[in-house]
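Below is one structure, written out as structure tokens; comments come after it.
The values are calculated or read from the model by the stated rules, or taken from the named source; none is laboratory data. Because the structure is predicted, anything quoted here is derived from the model rather than measured. Here the Cβ positions follow ideal geometry from the backbone for every residue, glycine too, while neighbour counts run over all protein chains shown. When the accessible area is computed, the model is the full protein with side chains, heavy atoms only, and any ligands, DNA or RNA have been set aside. Shrake-Rupley method; radii C 1.70, N 1.55, O 1.52, S 1.80 Å.
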Amino acid sequence: MKRVNLVRLTILTLICVLLAGCWDYIEIETLEFVFGLGVDRVTPEYIVILEMVKTSGGGQHAQVEPKVLSTSSGSVSSGGAALSNVAGLRAFWPHAYVFLMSEQVAREGILDAVEYIARSRQVRGTVWVFVTKDCTVEEVFKSKPPVANSVSEHLNAISLMQENISGFIPLQVWELNQDLTKEGISPVLPTIRLVHERGELVPVVEGTAVLKGDRMVGWLDGHESDILCLLKGVFERGFFVINTEVGEHGRFPITYEIVGNQVDIKPLVKDGRPAAAIKLTMQFGVEEVGRAPINFRDMQQTDSVEAQLATHFKDRIRELLHKVQVEFNADVLGIGQLFRRKQPEAWRHFGSDWDVYFPDLPVELEVRCQVVLTGLSSAPLRVRD
Amino acid sequence: MFFWKHTKKGEPQPRGLDDISPSLRTNLHWLKEDIFVHDQTIAYRGFKTSDPHPRECVLIYADNMVKHEYLSQFVLRPMMRSSLPKHLRGEELAHYAAERILESDGAEFITRYSEIGDKLMDGVGVILIDGCPVAVVVDAQGWAKRAVTEPPSESVVRGPRQGFSEDLGVNISLVRLRLSSPNFKTRFLHVGTQSKTRVAILYLDNVTSMELVEEVERRIKAIDIDAVLDSGYIQELIQDSPYSPFPTIGQTERPDVVAAKVLEGRVAVLVDGSPFALTMPYLLVEAFQANEDYYNHWITATFHRLVRYISFFVTTATPAIYIALISYHPQLIPTNLVISISAARKNVPFPGIVEVIAMGLVFEILREGGVRLPRPIGQAISIVGAIVLGDAAVSASLVSAPMIIVVGLTGVAGFVVPSLNDLAVLIRLSLVLLAAALGLYGFVFGVIAFLLLLSSMESFGVPYLSTMTTLVPQDLKDTVVRVPWWQMVLRPRYLASKDRQRLQGQAGRTDR
């Protein structure tokens, strides 16, 4: 009886191991690690570009270098598969950092490209998405970042540092998918452009591509993106150089650092029409005063500075709102989404015609600026005459 | 041997063939021609007591088991210089000799040949007097003994440096020195039909559960084997779950450890000829406890315990997790690491699983090669193995560098929990095979299987995982943490001690 049980147990174990196992045993060195994936468009075909890392050497002399492969194909996935053939190794996607699209792909609609990334088991939802501006995807991948090994690692590092450099809003694929499927919000993607740096082309992440639905409708530059960051509440740290009037001494460029930023957007219904109230409170630190003869211990001067800052930001927010409302008609702040969430009754009424209401949407704007850190423990430096 | 009949004690004894005869010549004849025939280690020293009434006597002893100076000085010399009064008859002769002449401290009287045989092997001298049917036994034990030295298998930085030797009497005295209380009891048993090895059961009368003592005694008495050469025989013959690789009886070479275990309410078994004492019941937590834990500060002791638990996990699981990750789940490894592992494995000809098993085998060969060799040669082997083989193998791309790290880490971590080290190899191997077949799924599968095995085991009626699965503070006090001594109020609950209170200063706290 014991022996029979043992035989049964052995057979069961073998069945578990041989049949139920996930028999996708691989050897790690046969994989080609994809770091970045890019899609460009030359109608009617897609150009799929992969940045991979080539590992070589073995033993104690292992070396890693990036290489860029591209192919044209009818779809993104078939292009990716075709590149395995070119590389001679199996492309391994889960370690990919970035997904790049050219302006043309974005203008024609990103859904075709993004759908594969979202569907794929292998590509992670945490891949950063970018749109290239004034250059092709392949040019970006072939550029030379000064420090990082590969372009993808460079872009990954920049995206992780966003809170310290601002000027763009990093977005991962899963967030993009959410924005695409939600009502009343237009996705924005960070843009990449190439700059010359000592004879080399270096990729720089700055500015924003504004989408309506899945099609790109226009660009915001770095400064506009800063304001967008403020309104979206993703601005952690950043500097603004603002010409500030100091009493009767004239205007001086003073650098302020944002140390705190609270934003509150309220959807309203006024006279049967939708409206919005934006309340922005910002705390500033004074970073650089230069030659400005300003004394922050003087409450009058501080009040004047705060008022000037408020006016400055109010103007720039108005400019941005005008651009996204009138020029793009793209609800980048997700005011429609807020309506849907907070005033579902109203949204049921306006929702279907949001595109019609949005360009003329009246926005009440309240900006409060506070200088909380003067960066000084004594009177500022003065050069004696 | 027809006269070796066992008779029950207490019955009136008719004179039988086993009884010593008053005639010295008859006695010598039986001993030389029958009981000890062809045994040349038995010495017969004939002599006569002095005038006026010389009487023939014989001193019998086993060569090299006695102290010769002792016998000649305190037994032979007084016997030969004095005379036995003429009027004495029979047993009176032996009693007179023991009371008035012999200067040895121990003297017994025996009346049977079979007893002479047993006693001689214990290293005593037996005096037969002509005309006396009683033999006098004098203590003169004196065989080669090893000194009490620090045990090589359990050396400590802080703690007593005494270790058990092979002599049972010495070993018991080492424990008794630490437990100088009349409650410390020792029961003796003889095991082995040929070896007649003395086995001692040690316990504290007012603490240890009597059921436990009886059970240990019952199991040892049930042993029917020809010889017991080391306590390992007893351990294997009486332990629970004999098919499981996990030990259910503890072993130690240190008297302080035995004393501590006995104080907790356990039973210790000492075997003559073995420096390893057995303690029971033995639970899994004890494998992670070291005697130094109790001598050092409790915070550092707790930290070292944690290190031991982590090391056990590392030594059993690292290769399996490594294989699972590189063969099935490269997406779970941080990107930089996966790239560098991939680069390191680029020119390695073997798949990961072959590498793990081959390197594990090499490590075990090196270890086994070094263990039983004299220390200088053993060191040479480890140096050749570690530096030359390891370095050359990586340079020649036979194995990858990460694999050397995994094997090295595994090997070193194994020595942190020495009592489970041999078994860790088996666990490691089975987990590696499962991980190679099923990835992390297989690894978890294996861990669950071992957990089931552990939870099904028990040692002398105590569940093997006791105190690891409880939330009662007094039961947890000596598991992953070692609480300060002033909080170790009670003895372990699972030992069902008669007296659970350890710290008397904490009255009224027995309820926990």
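Before moving on, here are some points about what is shown:
- The residue pairs whose first member lies in the range B:245-263 and is free of Cβ contacts under 8 Å to residues at least 12 places away in the same chain, whose second member is in a helix (DSSP H, G or I) and surrounded by 22 or more Cβ atoms within 10 Å (Cβ to Cβ), and whose beta carbons are closer than 8 Å, counting only pairs six or more residues apart or on different chains, do not exist in this structure.
- Selection of the range B:30-49 for residues being modelled with pLDDT of 85 or more, within 18 Å of B:Ile110 (Cβ to Cβ) and loosely packed, with under 15 Cβ neighbours inside 10 Å yields only B:Tyr44.
- Considering residues of the range B:146-194 that are among the polar types (S, T, N, Q) and farther than 27 Å from B:Val417 by Cα only, the residue surrounded by the fewest Cβ atoms within 10 Å (Cβ to Cβ): B:Ser180
Residue by residue, here is whether (1) open to solvent by 20 Å² or more (accessible area, probe 1.4 Å); (2) aromatic (Phe, Trp, Tyr); (3) touching a Leu at 6+ places or on another chain (Cβ under 9 Å) holds:
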residue: B:Ala62; (1), (2), (3): no, no, yes
residue: B:His68; (1), (2), (3): yes, no, no
residue: B:Leu71; (1), (2), (3): no, no, yes
residue: B:Ala97; (1), (2), (3): no, no, yes
residue: B:Gly106; (1), (2), (3): no, no, no
residue: B:Gly117; (1), (2), (3): no, no, yes
residue: B:Met121; (1), (2), (3): yes, no, no
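- First in the range A:258-274 and open to solvent by 30 Å² or more (accessible area, probe 1.4 Å), second anywhere and among the small types (Gly, Ala, Ser), Cβ under 6 Å, 6 or more apart: A:Val259/A:Gly285; A:Val263/A:Gly233; A:Lys266/A:Ala277; A:Leu268/A:Ala275; A:Leu268/A:Ala277; A:Val269/A:Ala346
- Single residue of A:Val114, A:Val129, A:Val123 found to be crowded, with 19+ Cβ neighbours inside 10 Å, among the β-branched types (Val, Ile, Thr) and within 14 Å of chain B (Cβ to nearest Cβ): A:Val123
- Selection count, the range B:327-338, where residues are more than 17 Å from B:Phe443 (Cα to Cα), open to solvent by 10 Å² or more (accessible area, probe 1.4 Å) and among the aliphatic types (A, V, I, L, M): 1
- Selection within the range A:229-257 - of a type in the set (A, V, I, L, M, F, W, C), open to solvent by less than 40 Å² (accessible area, probe 1.4 Å) and closer than 30 Å to A:Asp179 by Cα: A:Cys229, A:Leu230, A:Leu231, A:Phe235, A:Phe240
- Note on the range B:345-356: among residues that are part of a helix (DSSP H, G or I) and either crowded, with 19+ Cβ neighbours inside 10 Å or in contact (Cβ under 8 Å) with a residue 40 or more places away in the chain (or both), the one that is nearest to the other protein chains (Cβ to nearest Cβ) is B:Gly352.
- When A:Ala292, A:Ala277 are screened for being farther than 18 Å from A:Thr374 by Cα and in contact (Cβ under 8 Å) with a residue 12 or more places away in the chain, only A:Ala277 passes.
- Hits in the range A:77-111 (condition: more than 14 Å from chain B (Cβ to nearest Cβ), surrounded by fewer than 20 Cβ atoms within 10 Å (Cβ to Cβ) and modelled with pLDDT under 85): A:Ser77, A:Ser78, A:Ala81, A:Ala82, A:Ser84, A:Asn85, A:Val86
- Residues (open to solvent by 50 Å² or more (accessible area, probe 1.4 Å), among the aliphatic types (A, V, I, L, M) and not in a loop (DSSP other than H, G, I, E, B)) located in the range B:382-399: B:Ile383, B:Val384, B:Ala386, B:Ile387, B:Val388, B:Leu389, B:Ala392
- Selection status of A:Gly351, buried (at least 19 other Cβ atoms within 10 Å of the Cβ) and part of a helix (DSSP H, G or I): no
- Number of residues in the range B:290-344 that are hydrophobic (A, V, I, L, M, F, W, C), over 23 Å from A:Gln63 (Cβ atoms) and either part of a helix (DSSP H, G or I) or at the interface with another protein chain (Cβ under 9 Å from one of its Cβ atoms) (or both): the value is 16.
- Within the range A:53-65, being surrounded by fewer than 20 Cβ atoms within 10 Å (Cβ to Cβ) and modelled with pLDDT of 80 or more holds for A:Lys54, A:Glu65.
- Scanning the range A:313-330 turns up no residue that is of a type in the set (Val, Ile, Thr) and farther than 21 Å from A:Thr208 by Cα.
- Set side by side, the residues B:Ala324, B:Ala259, B:Ala320 differ, and just one is of a type in the set (A, V, I, L, M, F, W, C) and within 26 Å of the chain's Cα centre (by Cα), which is B:Ala259.
- When the test is whether a residue is in contact with a strand residue (DSSP E or B) (Cβ under 6 Å, 6 or more places away or on another chain), at pLDDT 90 or above and either surrounded by fewer than 20 Cβ atoms within 10 Å (Cβ to Cβ) or not in a loop (DSSP other than H, G, I, E, B) (or both), B:Leu212 passes it.
- Residue check, B:Leu229 touching a Gly at 6+ places or on another chain (Cβ under 7 Å) and either open to solvent by 10 Å² or more (accessible area, probe 1.4 Å) or part of a helix (DSSP H, G or I) (or both): yes
- Test: residue in the range A:300-308 that is closer than 18 Å to A:Leu230 by Cα and in a strand (DSSP E or B): no
- The residues of the range A:183-216 that are open to solvent by less than 20 Å² (accessible area, probe 1.4 Å) and assigned to a loop (DSSP other than H, G, I, E, B), listed by number, are A:Gly184, A:Ser186, A:Pro187.
- In the range B:358-368, the residue that is nearest to the other protein chains (Cβ to nearest Cβ) out of those that are out of contact with any Pro (no Cβ under 9 Å at 6 or more places or on another chain) and not small (Gly, Ala, Ser) is B:Val362.
- Odd one out for A:Val241, checked against (1) touching a residue at least 60 places away in the same chain (Cβ under 8 Å); (2) assigned to a strand (DSSP E or B): (1)
- Qualifying residue in the range B:369-381 (condition: among the hydrophobic types (A, V, I, L, M, F, W, C), in contact (Cβ under 8 Å) with a residue 40 or more places away in the chain and more than 14 Å from chain A (Cβ to nearest Cβ)): no
Here is a yes/no grid of residues against (1) more than 33 Å from the chain's Cα centre (by Cα); (2) assigned to a strand (DSSP E or B); (3) more than 21 Å from A:Leu376 (Cα to Cα):
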{"residue": "A:Gly247", "(1), (2), (3)": "yes, no, no"}
{"residue": "A:Tyr256", "(1), (2), (3)": "no, yes, no"}
{"residue": "A:Val259", "(1), (2), (3)": "no, yes, no"}
{"residue": "A:Gln262", "(1), (2), (3)": "no, yes, yes"}
{"residue": "A:Pro293", "(1), (2), (3)": "yes, no, no"}
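- Those residues of the range A:261-319 which are closer than 14 Å to A:Glu245 by Cβ and of a type in the set (S, T, N, Q), in sequence order: A:Gln300, A:Gln301, A:Thr302, A:Ser304, A:Gln308, A:Thr311
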